[in-house]
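The next block holds one structure in the form of structure tokens; read it before the comments.
The values are calculated or read from the model by the stated rules, or taken from the named source; none is laboratory data. This structure is a prediction, so every number in the text was calculated from the model and none was measured. Here the Cβ is made from the backbone with ideal geometry for all residues, glycine too, and neighbour counts use every protein chain on show.
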Amino acid sequence: MQVRVFDHDDVERLLPMRECIEVVEDALKVLDRGEYAMPLRSFFTPPGAPGGMAWMPGYRSGPKAVFGMKVLVVIPDNPSRGLDGHQGAVLLLDGETGRLRALLDASAVTAIRTAATTAVATRLLSRPESSVLGIIGTGVQARKHCEAIPLVRPIRKVIVAGRDPFRAQEFVASLAPIDGVTFEAAVSIEEAVSGADIVATCTSSRDPFVRREWLRPGLHLNAVGASRPPSHEPEPAVIPAVALFSDRRESLDGEATEWKLAQEQGLVGPSHFRGELGQILNGKLPGRTSPDEITVFRSLGLSVEDVASAQYVLANAEAAG
């Protein structure tokens, strides 16, 4: 059996964002139906190392049976080198024999499928007429979210904020144009959040920076970054004021610091959690229930999203010969 290897450019070419959105949506349905099994990811930080490693294995049953795993190395200083902070590999192995089928660049897979998952959540939870997008962050994920969310909502303006207003201006200047969409740099995070209909926070911040008083009625917030405890982006006081959704309840309980703190501080109970995206997609739960409701999608990142995306890349490559 031939083993195919896909570098960063291969993945970018074979996994277009619009198509990945549909791939991830199907993967979340599969997960909710119980056709994909996976443990909570493991993270290891060696003493003295510049970063850490994460393992995200899983198994899909049925006609598309496959063993898969993402091995991710997270290097916080990589952006200063012009590199993505997430590096590593996604492995696909035959679902019956375990033989290696493909090896893919994890940086590209992670960047695309994370933004695609946010787009799925945004399509399910934001108001259909939402036209102003706030992006917090100026890295790889911020760039991919600028690409993904306008594919599912009629975005006319994107407001970008970061820790450094000058860096936000540079980031905006570097973005590829999108027809009908204007980009501008905000002077503060508060400006980007309070002026938007949809917000995506794409940072590695250890300290919360999204305040409850900034969230206006009808907002949809995608909390994407800072998924390794104790880091978090929304302050715990945000949680009782919103309808909270995630890609997986187990990951929320195990990795979402703001959710844990909100419960420890007595702000909410376990039942405050509204549900998983797969439950909405499979018609088991409603999403947004009113125009004024504030919805939050807490993205944690799942191996089912990586494996489904990698399977799509492999199928595309095989179809193209």
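List of remarks:
- Strands (runs of 3 or more DSSP E) contained in the range 197-283 and holding at least 3 residues among the aromatic types (Phe, Trp, Tyr) and touching a residue at least 60 places away in the same chain (Cβ under 8 Å): none
- Within the range 93-110, not a single residue is under 23 Å from Phe183 (Cα atoms) and within 15 Å of the chain's Cα centre (by Cα).
- Of the criteria (1) in contact (Cβ under 8 Å) with a residue 12 or more places away in the chain; (2) touching a strand residue (DSSP E or B) at 6+ places or on another chain (Cβ under 9 Å); (3) surrounded by fewer than 16 Cβ atoms within 10 Å (Cβ to Cβ), which one Arg18 fails: (2)
- Residue selected from the range 176-187 under the condition modelled with pLDDT of 95 or more and touching a helix residue (DSSP H, G or I) at 6+ places or on another chain (Cβ under 9 Å), by the criterion surrounded by the most Cβ atoms within 10 Å (Cβ to Cβ): Ala186
- So Leu40, is it in contact (Cβ under 8 Å) with a residue 24 or more places away in the chain, out of contact with any Leu (no Cβ under 9 Å at 6 or more places or on another chain), assigned to a strand (DSSP E or B) and over 23 Å from Ala320 (Cβ atoms): no
- For the residues Gly48, Gly52, the requirement of being in contact with a Pro (Cβ under 8 Å, 6 or more places away or on another chain) and surrounded by fewer than 17 Cβ atoms within 10 Å (Cβ to Cβ) singles out Gly52.
- Count of the range 284-321 residues which are part of a loop (DSSP other than H, G, I, E, B) and either more than 16 Å from the chain's Cα centre (by Cα) or among the β-branched types (Val, Ile, Thr) (or both): 13
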